[in-house]
Amino acid sequence: GRNGTRALFYDLAPGSSGDAVFQSVPLKPGVRYVVEGWVRTEDVAGGKNGMGGIKIAVQWRKADGSAGGGKFSEKKRGTSKGFEKVTFAAMIPADAVDCRLVPVVQPGVTGRVWFDDFSIRPVDRKPICAVVSDAYRNVAVSGRVRLTASVLLPSGRGSEKSVRGVFCVPCADGKAEWLTATFDGAYASADLDVSRLAVGRTKIVFRLENLKGERLDEKALSFERVTAQPDWPVRLEKSRLLVDGRPFFPIGVYIPKIDAATLAEVKKGAFNCVLAYKSATREELDLAAAAGLKVIYSIKGTYFGTKACKGVIRSEEEEYAWLRTCVQEHRNHPALLAWYVNDELDVAYRDRLARHRDFVAELDPGHPTYSVMYQMDDFPEYVGTYDVVGSDPYPISTPEGSSPISKVTDDTRVTVAAACGGGVWQVPQIFDWGAYRKADAARTRAPTAEEMRNMFWQCVAAGANGLIPYCLDGVRRMDARDPYDVQWKKICDLTREIAAAVPVLTSAEPAPAVTGVPANVGVRAWRKDGRDHVLCVNLTREPVVAAVEVAGHGKVRFSLGPIGVELREL
């Protein structure tokens, strides 16, 4: 075991039957738990389609004995560097019975596996996760802002009918205004007229009650009314990004690091920013600035105990000393666009993510924080841990089999809801899964130019206001099968198509309402210089004819080929 004691150990020969043990645990419905365990792997491979692996799970049944579901940790394969800690959160539904902790060894997996030192602890999570507004930094001069509370509803969608929420707003005249919230799933929202507030800070309280009027929880938001907009170099105006006061639609790409050769490749397209996983030096930021590119600066590797954590950080306290030094050193650099604060960390890290976000925002209010997750069911709990949010749907030719290409729209809509009126920069797929799973490359392929075009525009149609595709390195790795120069040119051509539409995509003019949208298309409208534009994206691989109702224009008909796209000026 991890400390010289015993462990649960598997020595898996070909044809192994998979997991055979579990531990019943008395978990309470409606409570969230953090699950931790330590796992060591040696030559773990095989399983279904060669993609089996090792996980830790919490599973439960319903009262009638049927399978109720579960929550799984990330999957482990290959050979680990000794024992590695696995952490994830599991919300136990209201109808769950017979909860079990399960060390999962998927059928057909081979290799050697050690499990040790499990723990499950309840999280004292109140029903209200966060209270936010769509005003950047909760600061506004005038106008209307949307207040949103993200509410944890253990019984799932529909349980909002058993509660009600109100925002209590102290007004400049000394009276309190009570705004009744409208629920949309986990999000309770109301609009506020900023002119009702006194200049300065106001404590706005959201209260959650049951239908008897009994208080279940409440949480406050500190909102500031100012007489002039702060002179921040980068800020959000609702979901739209402004850089030096001008609209900016991020068209970026993930890269391994910033260097002259990589930036030269990026400049072959219409990219205007990059996101490098490796934290940049000042000299590297200078290179980006000279190339006319903005940088989304990665500080994701600052959470002690995670695999990506920097070696110089040896405790949670040291996280903040490192962050302070980094942010203060680079916050005034002209290349800086945003701070990348989270790359797919489990929701178990939610409170630490929020503290990092608040700490960075205090040090540098003039650059937003950006977070990307794939945990779609948990998005409501991440609210309050970012200024801009993204998700990364990668449906094309996965080793387990492709998902419908419409997954991009499904995930983007969830992400837009979790943005609560703020920025959404989506991460569409440009890579071949075989670049990262070499043993499975025979079953994967790169997305075609048509698929990438469809996925980019799906993101936009579903509400994204920025695109940061993943990733240049993944395209380069598959050069032997798909020549890099050919693939990269397709991607660069696509960025030019997006860039040509940016004046429309960043327009702040009120867009015409669009109704009657069928389920097999994605639609979004804009108004630019008094002219209306409508984007229609086919979410299927069959031809579609869609007639949508556009205010002021009546029915507008689109005829699209399989995964076709059209942006039309009316």
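The values are calculated or read from the model by the stated rules, or taken from the named source; none is laboratory data. All values reported here derive from a predicted model rather than from experimental measurement. Here Cβ is always computed from backbone atoms with ideal geometry, including for glycine, and neighbour counts include all displayed protein chains. The area values use the complete protein model at the heavy-atom level, side chains included, leaving out ligands, DNA and RNA. Shrake-Rupley method; radii C 1.70, N 1.55, O 1.52, S 1.80 Å.
Taking the criterion of being under 30 Å from R215 (Cα atoms) and either under 26 Å from the mean Cα position of the chain (by Cα) or open to solvent by 20 Å² or more (accessible area, probe 1.4 Å) (or both), would at least one residue in segment 101-121 satisfy it?
Yes, because at least one residue in segment 101-121 is under 30 Å from R215 (Cα atoms) and either under 26 Å from the mean Cα position of the chain (by Cα) or open to solvent by 20 Å² or more (accessible area, probe 1.4 Å) (or both).
Applying the selection to segment 519-550, what residues are hydrophobic (A, V, I, L, M, F, W, C) and open to solvent by 50 Å² or more (accessible area, probe 1.4 Å)?
Within segment 519-550, A519, V545 meet the criteria.
May I ask you to verify whether W433 is within 20 Å of D343 (Cβ to Cβ) and in contact (Cβ under 8 Å) with a residue 24 or more places away in the chain? Break it down stepwise before answering.
On the way: within 20 Å of D343 (Cβ to Cβ): yes; in contact (Cβ under 8 Å) with a residue 24 or more places away in the chain: yes.
The answer is yes for W433.
Hey, could you check segment 77-96 for residues that are open to solvent by 60 Å² or more (accessible area, probe 1.4 Å) and without any contact (Cβ under 8 Å) to a residue 40 or more places away in the chain and say which is nearest to R61 (Cα to Cα)?
Within segment 77-96, the match that is nearest to R61 (Cα to Cα) is R77.
Being over 15 Å from L567 (Cα atoms) and at pLDDT 95 or above is the requirement here; does V514 meet it?
No.
Of the conditions (1) of a type in the set (D, E); (2) crowded, with 19+ Cβ neighbours inside 10 Å; (3) part of a loop (DSSP other than H, G, I, E, B), D173 clears all except one; give me its number.
(2)
Please specify each residue of segment 6-24 satisfying the condition of being in a loop (DSSP other than H, G, I, E, B), open to solvent by 60 Å² or more (accessible area, probe 1.4 Å) and modelled with pLDDT of 90 or more.
The answer is R6, F22.
For the condition among the aliphatic types (A, V, I, L, M), touching a strand residue (DSSP E or B) at 6+ places or on another chain (Cβ under 7 Å) and touching a residue at least 40 places away in the same chain (Cβ under 8 Å), what is the one hit in V550, V504?
Just a single option satisfies the conditions, and that option is V504.
Quick check on segment 139-170: of everything there that is at pLDDT 95 or above and of a type in the set (V, I, T), which residue is most open to solvent (accessible area, probe 1.4 Å)?
V141
Of all the strands (runs of 3 or more DSSP E) wholly in segment 201-286, which have at least 1 residues that are loosely packed, with under 14 Cβ neighbours inside 10 Å? Don't jump to the end; show me each part of the working.
Working: elements: 215-225, 234-237, 240-243, 246-248, 273-276.
Filter on segment 201-286 gives 215-225, 246-248.
Determine if segment 540-562 includes at least one residue that is among the hydrophobic types (A, V, I, L, M, F, W, C) and touching a helix residue (DSSP H, G or I) at 6+ places or on another chain (Cβ under 7 Å).
Step one: of segment 540-562, the residues among the hydrophobic types (A, V, I, L, M, F, W, C) are 544-548, 550-551, 556, 558, 560.
Narrowing the set further to residues that are touching a helix residue (DSSP H, G or I) at 6+ places or on another chain (Cβ under 7 Å) leaves none.
No.
When you check L179 against the structure, is it assigned to a strand (DSSP E or B) and open to solvent by less than 40 Å² (accessible area, probe 1.4 Å), yes or no?
Values: assigned to a strand (DSSP E or B): yes; open to solvent by less than 40 Å² (accessible area, probe 1.4 Å): yes.
When the stated conditions are applied, L179 passes them.
Considering only residues that are open to solvent by less than 70 Å² (accessible area, probe 1.4 Å) and either modelled with pLDDT of 85 or more or at negative phi (or both), which ones fall in segment 43-58?
Scanning segment 43-58 gives V44, A45, M51, G52, G53, I54, K55, I56, A57, V58.
Specify which of the listed residues (R61, R40) is open to solvent by 40 Å² or more (accessible area, probe 1.4 Å), touching a Ser or Thr at 6+ places or on another chain (Cβ under 8 Å) and under 26 Å from A348 (Cβ atoms).
The unique qualifying residue is R40.
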